[in-house]
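Asks: Would you mind keeping the following structure in view while I ask a few things?
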Amino acid sequence: MLAWQPALSAVAWEPGSEPEPAVPGVPGSGTLPVLPALRDLLPRGALARGSVVSVAEFGLLCLALAAGASADGAWCGIAGVPEAGVLAAAGLGLDGERTLLVPDPGSAWPQVVASLLDGCELVLLRPPASAPAQVRQRLEATLRRRRGVLLVTGDWPGAQVRLRVITQGWTGLGDGHGRLRACCAEVLADGRGEAAMTRTRWLWLPAEDGTVAAADPVDVPIAGIPARGVWGDGRSLQDRGAQGGRPPGLAAVSAG
Amino acid sequence: MVVCCPQLCGLADARAAARLFDRVLAAVTRFCPKAEAVEPGVCAFAARGPARYYGGEAALAGQIIAALAGLGLESRVGVADGLFAARLAARGPRQVGLIPPGGSPEFLARHPVDVLADQDLAGLLTRLGLGTLGDLAALPFGDVAGRFGAAGEAAHRLASGHGSLPLAVRPPAEDLSVACEFDPPEALAEPVVFAAKALAERMHDGLAARGLTCVRVQVRAAWADGRESRRRWRHDGLLSAAAVADRVRWQLDGWHPAAQDGEPGTGGITTLRLVPDQVVRATGHQLALWGEAVVTDRVARAAMRVQAMLGHEAVLRPVHDGGRNVDEQVTHVPFGGKRTPRREPGQPWPGRIAGAAPGVVYPFGREAEVTDEAGRAVAVTGRCGLSAEPACLTVDGEPVRRVTGWAGPWPLSERWWDPVTARRRARFQLLTGDGRAWLAVVQDGRWLIEAGYW
């Protein structure tokens, strides 16, 4: 059922990093796969089993990180996020059939997460309260024993990899017309050990078809300038300047 | 097998009929515990098992008639493959009408169409020249369904000898639950869990001996101080005795945590009872259909463990649903429940917002204020005219954000025919200076943020 992925050629080879021991995603290997566009951000191009990845806040980036493993057959648990956008997640690649949602884990959330790790290979968690060191260590021990991956939103001092979205800009909305189409985001990754070097990448998160793709630097709208200046077809401001300030055609005005 | 007491059918005094019929049912239940009452004066049950026991269908029928004669009632018996054919056989010329297995279509073919319960359809069929059930059964099913609709489908199925509804079992009089007493009361959970395994095996054997399986198991544990813990566990046939023992352990663990209200039950456990709930005929375990994700035991255990801690509704699985609003497009079903959408997911649903799906969908809208350059709230008229362009967005106590792009209003008027649930809203997509986008909805002058795109 697991599609064989030619992972060794697709992994971004960073000089000095060790080669992948086995095909990602196959049980027994040390990692869970991620979407191709995100591989550049993670050490070894995948999520290492037994590790904690922290994302600054809950959003499409978290769901995108989980989507690769889910599409490959892993079960995902989402704990502590009643507002998870499942439809957007499905567009990114997360399989709703293999998702468990626990919107309110309550005060016993470490036990809940430990139980979820029994069944799910990847757990996305927004802790209701910041965890003391002892709780974190116990969860990390469970994580290593179960060889799962924990994606935490917010601060987690022991996280191996930390990701956050620095800038984002949506295309498609104008001054009273259009609709949201795609978002271009700059994602920064750093962490400890292998991930210590800071990396940033521009991604379409999501692209117009709902998936995640690497953004070509030419298409990137100027960071910090909101979408008011971006036309519905995603052309960047440099192109636009040449044609003067023409609003996009009425074809963009159709809102579902 | 259908047992019909013509004296009771159509008796003027309904209560006397009901009382007599109750005695009839009791008498029939002695021969077959799974008797179903069809209507006053008529009861039915699956005869294969009892017939083998009593030495043949004719012998069984004879004994039943004799038993009912003892109550002073005349009865007639019909035996056939399906309920409909058996009822007609009971009305036949002989007191015991036996239709051989597979002979129902031939037997039914001779009958006129007005034996069908649906008299309107029967009249129509007669006028169209289809006089007997055999004529109806000879037509292609698709054509009958297309011309006559659901009523025609049902009639065609009956006429061909297939039953219309499966026989529902009457719950047997005896209690199928199994219990175990602990004397002296057991303070530790382990011996109770150990006993639960043996108990579960006994319960399964008891159910299987009656050809039954249960959909839910209720575990009841009573403590010496009088407290009782009851919890229903879903039982799909996947649960072995060991799995039931696991659930007992989780239930006992779940009852003891400090987070629960009050102190845990003191004094030890005195009784453990397993009660099968929602008993149905065992038809064999249905495997997951192609395309459905198979829930492995490991995942089911983990999910049920969390359900033991937090409650059945705490672990959910998403199901794609139909609907116009972003919060309607996904339904959350508790783990173990049937994953059916509330609305039609595949249909167009005009009024839906096309384009990117929001990464954050708030279950309850967040209060917000959308103001124009001058600080006045932006309002939308009934004709979707805006009072002014939105310039600032304040969400729920967060700092003010500048609106840098917007689109809307996209009006939606739902359930206009019902004054209680009717609502008219206008939706906007707002882009703010920090690069985030918001789905803002205005209804009755109030702004709410329903979803966020980031």
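Asks: Tell me which strands (runs of 3 or more DSSP E) are completely within the stretch B:22-137 and hold 3 or more residues being without any contact (Cβ under 8 Å) to a residue 60 or more places away in the chain, or say none if there are none.
Replies: The strands (runs of 3 or more DSSP E) meeting that bar are B:96-98.
Asks: Could I ask something else about it? Consider the stretch B:292-328. How many of its residues are in contact (Cβ under 8 Å) with a residue 12 or more places away in the chain, at the interface with another protein chain (Cβ under 8 Å from one of its Cβ atoms) and in a loop (DSSP other than H, G, I, E, B)?
Replies: 2
Asks: A further question follows. Taking B:Ala109 as the residue in question, decide whether it is in contact with a Ser or Thr (Cβ under 8 Å, 6 or more places away or on another chain) and surrounded by fewer than 20 Cβ atoms within 10 Å (Cβ to Cβ).
Replies: So B:Ala109 fits the description; yes.
Asks: Quick check, is A:Thr167 of a type in the set (Val, Ile, Thr) and more than 7 Å from every other protein chain (Cβ to nearest Cβ)?
Replies: Against the criterion (of a type in the set (Val, Ile, Thr) and more than 7 Å from every other protein chain (Cβ to nearest Cβ)), A:Thr167 does not qualify.
Asks: Which number in (1) surrounded by 14 or more Cβ atoms within 10 Å (Cβ to Cβ); (2) within 30 Å of A:Ala64 (Cβ to Cβ); (3) at pLDDT 90 or above; (4) more than 11 Å from every other protein chain (Cβ to nearest Cβ) marks the one condition that B:Pro341 misses?
Replies: With (1) surrounded by 14 or more Cβ atoms within 10 Å (Cβ to Cβ); (2) within 30 Å of A:Ala64 (Cβ to Cβ); (3) at pLDDT 90 or above; (4) more than 11 Å from every other protein chain (Cβ to nearest Cβ) applied to B:Pro341, the lone miss is (3).
Asks: With respect to B:Arg376, determine if the residue is in contact with an Asp or Glu (Cβ under 9 Å, 6 or more places away or on another chain) and either under 28 Å from A:Pro206 (Cα atoms) or of a type outside the set (Phe, Trp, Tyr) (or both).
Replies: For B:Arg376, the condition - in contact with an Asp or Glu (Cβ under 9 Å, 6 or more places away or on another chain) and either under 28 Å from A:Pro206 (Cα atoms) or of a type outside the set (Phe, Trp, Tyr) (or both) - is not met.
Asks: When you look at B:Ala357, is it within 32 Å of the chain's Cα centre (by Cα), small (Gly, Ala, Ser) and surrounded by 22 or more Cβ atoms within 10 Å (Cβ to Cβ), yes or no?
Replies: For B:Ala357, the condition - within 32 Å of the chain's Cα centre (by Cα), small (Gly, Ala, Ser) and surrounded by 22 or more Cβ atoms within 10 Å (Cβ to Cβ) - is met.
Asks: Next question, about the same structure. Is it true that some residue in the stretch A:180-202 is within 21 Å of the chain's Cα centre (by Cα) and closer than 19 Å to A:Gly77 by Cα?
Replies: Checking the stretch A:180-202: not a single residue is within 21 Å of the chain's Cα centre (by Cα) and closer than 19 Å to A:Gly77 by Cα.
Asks: I would also like to ask the following. Look at the stretch A:208-221 and say how many of its residues are surrounded by fewer than 22 Cβ atoms within 10 Å (Cβ to Cβ) and either within 12 Å of another protein chain (Cβ to nearest Cβ) or assigned to a strand (DSSP E or B) (or both).
Replies: Looking only at that region, the number is 6.
Asks: Which strands (runs of 3 or more DSSP E) does the stretch B:367-454 wholly contain that include 1 or more residues that are at the interface with chain A (Cβ under 9 Å from one of its Cβ atoms) and of a type in the set (S, T, N, Q)?
Replies: Fully inside the stretch B:367-454 and qualifying: B:401-414, B:423-432.
Asks: Evaluate the stretch B:319-335: report whether one residue or more is under 30 Å from B:Asp246 (Cβ atoms) and charged (D, E, K, R).
Replies: Looking through the stretch B:319-335, none of the residues is under 30 Å from B:Asp246 (Cβ atoms) and charged (D, E, K, R).
Asks: Of B:Ala242, B:Ala293, B:Ala258, B:Ala303, which residue is closer than 28 Å to B:Glu201 by Cβ and either modelled with pLDDT under 80 or among the acidic types (Asp, Glu) (or both)?
Replies: Going through B:Ala242, B:Ala293, B:Ala258, B:Ala303 in turn, the sole match is B:Ala242.
Asks: Moving on to the next point. Working only within the stretch B:361-375, note down all residues that are within 17 Å of B:Arg446 (Cβ to Cβ) and among the small types (Gly, Ala, Ser).
Replies: Result: B:Gly365, B:Ala368.
Asks: Inside the stretch A:171-203, can you point out the residues that are without any contact (Cβ under 8 Å) to a residue 60 or more places away in the chain, within 12 Å of another protein chain (Cβ to nearest Cβ) and either surrounded by 21 or more Cβ atoms within 10 Å (Cβ to Cβ) or hydrophobic (A, V, I, L, M, F, W, C) (or both)?
Replies: A:Leu173, A:Leu180, A:Arg181, A:Ala182, A:Cys184
Asks: Those residues that are assigned to a loop (DSSP other than H, G, I, E, B) and within 14 Å of A:Leu63 (Cβ to Cβ), I need them from the stretch A:112-148; list them, please.
Replies: Residue satisfying the conditions is A:Arg126 alone.
Asks: Next question. State all residues of the stretch A:133-164 that are more than 14 Å from chain B (Cβ to nearest Cβ), of a type in the set (Gly, Ala, Ser) and in contact with a Leu (Cβ under 8 Å, 6 or more places away or on another chain); if no residue qualifies, say none.
Replies: If the condition is that a residue be more than 14 Å from chain B (Cβ to nearest Cβ), of a type in the set (Gly, Ala, Ser) and in contact with a Leu (Cβ under 8 Å, 6 or more places away or on another chain), then no residue fits.
Yes or no, residue by residue, for (1) part of a strand (DSSP E or B); (2) over 19 Å from B:Leu430 (Cα atoms):
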{"position": "A:Pro157", "(1), (2)": "no, yes"}
{"position": "A:Thr167", "(1), (2)": "yes, no"}
{"position": "A:Trp170", "(1), (2)": "yes, no"}
{"position": "A:Glu186", "(1), (2)": "yes, yes"}
{"position": "A:Ala189", "(1), (2)": "yes, yes"}
{"position": "A:Trp202", "(1), (2)": "yes, yes"}
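Asks: Of all residues in the stretch B:385-410, how many are out of contact with any Asp or Glu (no Cβ under 8 Å at 6 or more places or on another chain) and surrounded by fewer than 16 Cβ atoms within 10 Å (Cβ to Cβ)?
Replies: 6
Asks: Let me ask something additional. Regarding the stretch B:377-393, can at least one residue be identified that is small (Gly, Ala, Ser) and touching a Leu at 6+ places or on another chain (Cβ under 8 Å)?
Replies: Within the stretch B:377-393, one or more residues are small (Gly, Ala, Ser) and touching a Leu at 6+ places or on another chain (Cβ under 8 Å).
Asks: Only one of these is more than 32 Å from the chain's Cα centre (by Cα) and either farther than 27 Å from B:Gly41 by Cα or crowded, with 17+ Cβ neighbours inside 10 Å (or both): B:Leu71, B:Leu133, B:Leu83. Name it.
Replies: Unique residue meeting the criteria: B:Leu133.
The values are calculated or read from the model by the stated rules, or taken from the named source; none is laboratory data. All values derive from a computational prediction rather than experimental measurement. A quick note on method: Cβ atoms are made from the backbone with ideal geometry, for glycine too, and the neighbour counts reach across all protein chains shown.
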